[in-house]
Amino acid sequence: MNDKTKSTKFRTVAFTVAVLFVFSLFIADLFRIQIANADEATTVERVALKQTDTTIKAARGEILDCNGKPLVTNKQINSVIFNGSYFPRTDEQEQRNEIIISLIHLLESYGTEWNNDIPLYFDQNGNVQFMADRDADIKYLKSKNVLYLNEYATAQNCFDELKTKFKLEQYSDSDALKVASVCYSLKKNAFATSNPYTFADNVSVELASKIKENSGFYAGVEIQVTTEREYLNGTLAPHIIGTIGPLNAEEYNKRTEEYNTAVKNENLTTEEKKNLKLRAYAMDDTIGKFGLESAMEQYLRGTNGVESTITDSSGSKTTEITTEPVQGDTVILTIDSDLQLAVQEALANFIAQYKDKASLPAVGSAVVMDVNTGAVLACATYPSYDLTTYYDNYSALSADKSSPLWNRALQSTYEPGSTFKAAIALAGLEEGVITKDTRITCNRIYTYFQDTQFKCLHAHGAITVAEALNQSCNIFFYETGRQLGIEKMNDYCTRLGLGQKTGVEINESKGVLASIEYREAHGGTWYPGDTVQAAIGQSDNLFTPIQLCNYVATIANGGTRYKAHFVKSVKTADYSQTIIDSTPVVLNETGISQSSINIVKDGMMRLGGRLSAFKGLPVSVAAKTGTAESKAKVSGKIESGLNGFMISFAPADNPQIAVSVAIENLNSGSATAMLVADIYKAYFGTASEIDAIDSQNTALN
């Protein structure tokens, strides 16, 4: 045997030995796993095969007044939830039906409502009918997403198909519709392991215990401690605070589209995308519907948590919270709840004196504002309503001819009458058309136009601007306005914020500043007489009460127009971070000289000083009244009335707050002085108490 043959044989033997050695190690390891460590192997084998995540809804943020007093909070309730990880699947429909009908009968025995959202009902004759005003839901019920029926399908067609689709033939028609309504809602709300369904929102502890006791039968039915909105006083500023309600289809689609757009941002981190997903809306979510509940939705809405259910190979399931929910931010308002209630009471009591004295019922609003920040301290509308019964009483409220749901302070626009004269006085002084000492003679008739006569209520004689404001002389301002011209008048009115939104967080009307452009845009013609009419707050001028308050606050503070606001600050639920601070926002400086402003203040102080309603106040008041005609159709015929206004600030020599009131169908603006006096009493009468409280507690900024 040569050397080459020996070498080949040696390599073959060596390779064989190596293979046998490795194989023996493998066998030994296999023996260790399967026999020696059999228990450990079983544990390894049971490592999670499936993980499903379920959303834990976060609590909504609270709303506090400017002193930290809770206005809107959350109370804990027991909700009945279907957990998709344990609830019977769609291929186990009969078992689903048994659980659902048993739950329905159980809740009915306790007189407790469950979430019935299907747009079908049985009439008195036992015939199934479509519900009124549910067109969108009826269309969805017939759609391919649910029943796949033609648009002309009847209510009976839908019911018959529901019984077939959800295997309900064995049930009575009454029970079949009840079960079908739940199955319909499960479909509509995209019920899945990751998206639980709320069967009932608020059940008693006793009822919750009954369900828990029968957890073996009620597979996937859980009692979850959730939260429900609680209004500490539902009558306090309901038009401002607003309320929440279930998402409608339009809101859900809009929010989903916003989420889909946001999550496509390639610059987002994994954590940011996760956070976006946890804040995304489900179909059965609630959302702010109006007021600050809607305007501050992005802050009040919390970040949902995650509950993970792990299923191992043996079918055993374990559940744990993997991401804790985070409560929404706390929104702190500029509203002083004590002052707000006092203003609401004063407004209601004042209107009650005039409510039944004319064919047009008296209604109105009042606004109180910090002149140095634009913070709204109180904002009341009358008649009003209670947020705690808003949905229960909605039909009656919406049908009420006095329109209690309408926010008159922010959305009603009025001819301002003589309250407008302060702006014209400032414009005339700044443009040199008049001076402090200029006298214009008033003989009741303005004779500049030969074809048209404009009048004043009294013959004031030769009168200065300050006294013209005090006496509200039309002739003085007709002439001042004529010499200024509409463009210059509007320049100053715009600087003062008239005909513009004030910037508050919730819906407000813009109003109208009379102009040639506005008249022509609406198909009319502007005549020279319109300019003098506009100068006394008539013509096309239309302003909101909050706009009038911001306007007089701008005069009071010396010419700085602040953004009006209801939100003082926003903080995280634990107060560790400030999201929005309380820094006032300046919209513009008017550029009006202090000398002109002081002359106008002098005129307003003269009026405030001679009104008997203000005599007993601890502070001096500067004011301007206004009266304007109004018309409305009552019982088929047009009725005429007068709207009364007052704009004011106090203390006159060192202004702190401004107050505007607008009362519809009142005989004059001067009559509102008693109401305004009551508001100042409420504010300055409690000032010492507030100072005492502030010295002991840290204010919420």
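The values are calculated or read from the model by the stated rules, or taken from the named source; none is laboratory data. Computed from a predicted structure; not experimentally measured. Neighbour counts run over all protein chains shown; Cβ positions are idealised from the backbone, glycine included. Ligands, DNA and RNA are stripped out before the accessible areas are found, and what is left, the full protein with its side chains, is counted by its heavy atoms. Shrake-Rupley method; radii C 1.70, N 1.55, O 1.52, S 1.80 Å.
Checking the structure you have, find out if any residue of the range 92-106 is among the basic types (Lys, Arg), at pLDDT below 95 and either in a loop (DSSP other than H, G, I, E, B) or under 18 Å from Glu161 (Cβ atoms) (or both). Checking the range 92-106: not a single residue is among the basic types (Lys, Arg), at pLDDT below 95 and either in a loop (DSSP other than H, G, I, E, B) or under 18 Å from Glu161 (Cβ atoms) (or both).
Only a single item in (1) buried (at least 18 other Cβ atoms within 10 Å of the Cβ); (2) farther than 30 Å from Leu236 by Cα is not met by Asn125, and it is number (1). How about the range 189-212: which of its residues are touching an Asp or Glu at 6+ places or on another chain (Cβ under 9 Å), within 21 Å of Glu230 (Cα to Cα) and in a loop (DSSP other than H, G, I, E, B)? None; the set is empty.
Determine whether Glu230 is touching a residue at least 60 places away in the same chain (Cβ under 8 Å) and either under 13 Å from Gln76 (Cα atoms) or over 26 Å from the mean Cα position of the chain (by Cα) (or both).
yes
Across the range 186-201, what is the number of residues that are farther than 15 Å from Thr90 by Cα and open to solvent by 70 Å² or more (accessible area, probe 1.4 Å)? Residues that pass the stated criteria total 1.
Out of the residues in the range 370-409 meeting the condition of being in a helix (DSSP H, G or I) and hydroxyl-bearing (Ser, Thr, Tyr), tell me which one is surrounded by the most Cβ atoms within 10 Å (Cβ to Cβ).
Looking only at the range 370-409, we keep the residues that are in a helix (DSSP H, G or I), and these are 387-389, 394-399, 408-409.
Those left that are additionally hydroxyl-bearing (Ser, Thr, Tyr): 388-389, 394-395, 398.
Numbers: Thr388: 17, Thr389: 14, Tyr394: 12, Ser395: 9, Ser398: 10.
Applying the filter and picking the extreme gives Thr388.
Return yes when Thr435 is open to solvent by 60 Å² or more (accessible area, probe 1.4 Å) and not in a helix (DSSP H, G or I) and no when it is not.
On the way: open to solvent by 60 Å² or more (accessible area, probe 1.4 Å): yes; not in a helix (DSSP H, G or I): yes.
Yes.
When the range 514-545 is filtered for residues that are assigned to a loop (DSSP other than H, G, I, E, B) and either of a type in the set (Asp, Glu) or surrounded by fewer than 17 Cβ atoms within 10 Å (Cβ to Cβ) (or both), the ones remaining, listed by number, are His522, Gly523, Gly524, Thr525, Tyr527, Asp540. Evaluation of Tyr448 against the conditions (1) of a type outside the set (A, V, I, L, M); (2) modelled with pLDDT under 95; (3) surrounded by 14 or more Cβ atoms within 10 Å (Cβ to Cβ); (4) touching a helix residue (DSSP H, G or I) at 6+ places or on another chain (Cβ under 6 Å) shows that the sole unmet condition is (4).
Under the condition of being under 15 Å from Ala176 (Cα atoms) and in contact with a helix residue (DSSP H, G or I) (Cβ under 9 Å, 6 or more places away or on another chain), which residue from the range 77-107 is surrounded by the fewest Cβ atoms within 10 Å (Cβ to Cβ)? So the residue we want is His105.
So which residues in the range 465-513 are open to solvent by 20 Å² or more (accessible area, probe 1.4 Å), over 27 Å from Gly291 (Cα atoms) and within 40 Å of the chain's Cα centre (by Cα)? Those that are open to solvent by 20 Å² or more (accessible area, probe 1.4 Å), over 27 Å from Gly291 (Cα atoms) and within 40 Å of the chain's Cα centre (by Cα): Ser472, Glu487, Lys488, Asn490, Asp491, Arg495.
Scanning the range 233-271 for residues that are over 30 Å from Lys188 (Cα atoms), out of contact with any Phe, Trp or Tyr (no Cβ under 8 Å at 6 or more places or on another chain), modelled with pLDDT of 95 or more and hydrophobic (A, V, I, L, M, F, W, C) returns Leu236, Ala237.
Within the range 533-563, the only residue that satisfies the criterion of being farther than 20 Å from Gly428 by Cβ and aromatic (Phe, Trp, Tyr) is Tyr562. In the range 159-172, of all residues being touching a helix residue (DSSP H, G or I) at 6+ places or on another chain (Cβ under 6 Å) and either free of Cβ contacts under 8 Å to residues at least 24 places away in the same chain or surrounded by 18 or more Cβ atoms within 10 Å (Cβ to Cβ) (or both), the one that is farthest from Gly126 (Cα to Cα) corresponds to Phe166.
For the range 215-225, enumerate the residues that are open to solvent by 30 Å² or more (accessible area, probe 1.4 Å) and either over 26 Å from Leu107 (Cβ atoms) or touching a residue at least 60 places away in the same chain (Cβ under 8 Å) (or both). Steps first, answer last, please.
Start the filter on the range 215-225 by keeping residues that are open to solvent by 30 Å² or more (accessible area, probe 1.4 Å), which leaves 215-217, 222-225.
Matches in the range 215-225: Phe217, Glu222, Ile223, Gln224, Val225.
Residues checked against (1) more than 16 Å from Ala409 (Cα to Cα); (2) of a type in the set (Gly, Ala, Ser); (3) modelled with pLDDT of 95 or more; (4) part of a strand (DSSP E or B):
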{"position": "Lys633", "(1), (2), (3), (4)": "yes, no, no, yes"}
{"position": "Glu639", "(1), (2), (3), (4)": "yes, no, no, yes"}
{"position": "Asn654", "(1), (2), (3), (4)": "yes, no, yes, no"}
{"position": "Asn667", "(1), (2), (3), (4)": "yes, no, no, no"}
{"position": "Leu675", "(1), (2), (3), (4)": "no, no, yes, no"}
{"position": "Glu689", "(1), (2), (3), (4)": "yes, no, no, no"}
{"position": "Ile693", "(1), (2), (3), (4)": "yes, no, no, no"}
{"position": "Ala699", "(1), (2), (3), (4)": "yes, yes, no, no"}
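For the range 289-315, residues that are part of a strand (DSSP E or B), open to solvent by less than 40 Å² (accessible area, probe 1.4 Å) and of a type outside the set (A, V, I, L, M, F, W, C) total 5.
So which residues in the range 233-280 are part of a loop (DSSP other than H, G, I, E, B), farther than 20 Å from Ala136 by Cα and touching a residue at least 24 places away in the same chain (Cβ under 8 Å)? Before the answer, list the steps.
If we filter the range 233-280 for residues that are part of a loop (DSSP other than H, G, I, E, B), which is where we start, we get 233-237, 242-243, 247-248, 264-269, 280.
When the remaining residues are screened for being farther than 20 Å from Ala136 by Cα, the result is 233-237, 242-243, 264-269, 280.
If the condition is that a residue be part of a loop (DSSP other than H, G, I, E, B), farther than 20 Å from Ala136 by Cα and touching a residue at least 24 places away in the same chain (Cβ under 8 Å), then Asn233, Gly234, Thr235, Leu236, Ala237, Gly242, Thr243, Ala280 are the ones that fit.
Of all residues in the range 577-592, which are of a type in the set (Ser, Thr, Tyr), at pLDDT 95 or above and more than 16 Å from Tyr551 (Cα to Cα)?
The answer is Thr578, and nothing else.
Just need a number here: residues in the range 564-589 that are out of contact with any helix residue (DSSP H, G or I) (no Cβ under 8 Å at 6 or more places or on another chain), buried (at least 18 other Cβ atoms within 10 Å of the Cβ) and either within 10 Å of Ala375 (Cα to Cα) or among the hydroxyl-bearing types (Ser, Thr, Tyr) (or both). Here the count works out to 4.
When the residues of the range 288-335 are narrowed to those that are of a type outside the set (Asp, Glu) and without any contact (Cβ under 8 Å) to a residue 24 or more places away in the chain, which ends up nearest to Asp386 (Cα to Cα)? Ranking the candidates gives Gln298 first.
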